[in-house]
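Chemist: Dumping the structure here so I can ask a few things about it.
The values are calculated or read from the model by the stated rules, or taken from the named source; none is laboratory data. Nothing here was measured: the structure is a model prediction, and the numbers come from that model. When we count neighbours, we look across all protein chains shown, and the Cβ atoms used for this are built from the backbone with ideal geometry, even at glycine.
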Amino acid sequence: MTLVPSRGLHLYIEVLRTALDDSIVTDDEASILKVLAVALGISPSNVGDALDVARGIDPSPISNPEQYSSHQMGDVTTYQSALVAALDDEVITEDEWAMLDSLRNLFGIQPDQHALIEEAIRAMSESDENGVRRLERLERFNTVCPCA
């Protein structure tokens, strides 16, 4: 295994574990995971190894997860990117909600930060060809998800 311990790897593995709760990674979950891998600096060549760790096949290279618990600049942007990826497919599934909830908890995203993220998504929608549909899905997400 060639995985080097890092905060990005720790966060990615934790979200992978959430995605694997039902033993299946759907296409929708995979699209969020792809966005997260890029945002968290996970090399495409390490994604398979991270998946093996999340499945419990290989041991985790993360020996002290607490050292990665601090919040960092870019966390909110990464969460926003994952939320947009979830909104851009047809429906936010329960599995996607679980992944977003896990990510929000890992990043410590507070309700007021989530509200700012929503505001940014709404502002983007005016110049984005998918904007109107994204806003419709955001409204459905807010109805079901008690995060905001």
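Chemist: Give me a count of the residues in the range 70-106 that are out of contact with any Ser or Thr (no Cβ under 7 Å at 6 or more places or on another chain), part of a helix (DSSP H, G or I) and either over 19 Å from residue 139 (Cβ atoms) or of a type in the set (S, T, N, Q) (or both).
Modeler: 9
Chemist: Same structure, new question: Count, please, the residues in the range 97-114 that happen to be under 9 Å from the mean Cα position of the chain (by Cα) and not charged (D, E, K, R). Show your work before the answer.
Modeler: Taking the range 97-114 first, the residues under 9 Å from the mean Cα position of the chain (by Cα) are 99-104.
From the residues that got through so far, the ones that are not charged (D, E, K, R) too are 99-100, 102-103.
So the count comes out to 4.
Chemist: I'd like to check something: does the range 58-69 contain any residue that is of a type in the set (Ser, Thr, Tyr), loosely packed, with under 15 Cβ neighbours inside 10 Å and either free of Cβ contacts under 8 Å to residues at least 60 places away in the same chain or in a loop (DSSP other than H, G, I, E, B) (or both)? Steps first, please.
Modeler: Step one: list which residues in the range 58-69 are of a type in the set (Ser, Thr, Tyr), which gives 60, 63, 68-69.
Now restrict to residues that are loosely packed, with under 15 Cβ neighbours inside 10 Å: 63, 69.
Those left that are additionally either free of Cβ contacts under 8 Å to residues at least 60 places away in the same chain or in a loop (DSSP other than H, G, I, E, B) (or both): 63, 69.
Scanning the range 58-69 turns up at least one residue that is of a type in the set (Ser, Thr, Tyr), loosely packed, with under 15 Cβ neighbours inside 10 Å and either free of Cβ contacts under 8 Å to residues at least 60 places away in the same chain or in a loop (DSSP other than H, G, I, E, B) (or both).
Chemist: For residue 76, all conditions in the list (1) of a type outside the set (Lys, Arg); (2) closer than 24 Å to residue 22 by Cα; (3) at pLDDT 75 or above hold save one; what is the number of the exception?
Modeler: (2) is the only condition that residue 76 fails.
Chemist: Quick one: is residue 84 within 23 Å of residue 125 (Cα to Cα), surrounded by fewer than 20 Cβ atoms within 10 Å (Cβ to Cβ), of a type in the set (Val, Ile, Thr) and at pLDDT below 90?
Modeler: yes
Chemist: Within the bounds of the range 54-68, is there any residue that is closer than 21 Å to residue 27 by Cβ and modelled with pLDDT of 90 or more?
Modeler: So far as the range 54-68 goes, yes, one or more of its residues are closer than 21 Å to residue 27 by Cβ and modelled with pLDDT of 90 or more.
Chemist: Here's something else I'd like to know. Cβ-Cβ below 9 Å, separation at least six or inter-chain, first residue in the range 101-127 and in contact (Cβ under 8 Å) with a residue 60 or more places away in the chain and within 22 Å of residue 33 (Cβ to Cβ), second part of a helix (DSSP H, G or I) and among the small types (Gly, Ala, Ser): which pairs?
Modeler: From the range 101-127, the pairs are 102/19; 103/82.
Chemist: Whether any residue in the range 16-32 is at pLDDT 95 or above, closer than 21 Å to residue 105 by Cα and either among the charged types (D, E, K, R) or in contact with a Pro (Cβ under 9 Å, 6 or more places away or on another chain) (or both) is what I want to check.
Modeler: Yes, because at least one residue in the range 16-32 is at pLDDT 95 or above, closer than 21 Å to residue 105 by Cα and either among the charged types (D, E, K, R) or in contact with a Pro (Cβ under 9 Å, 6 or more places away or on another chain) (or both).
Chemist: Another question, then. Given (1) surrounded by 19 or more Cβ atoms within 10 Å (Cβ to Cβ); (2) at pLDDT below 90, where does residue 93 come up short, assuming only one miss?
Modeler: Looking at each condition in turn, residue 93 falls short on (1).
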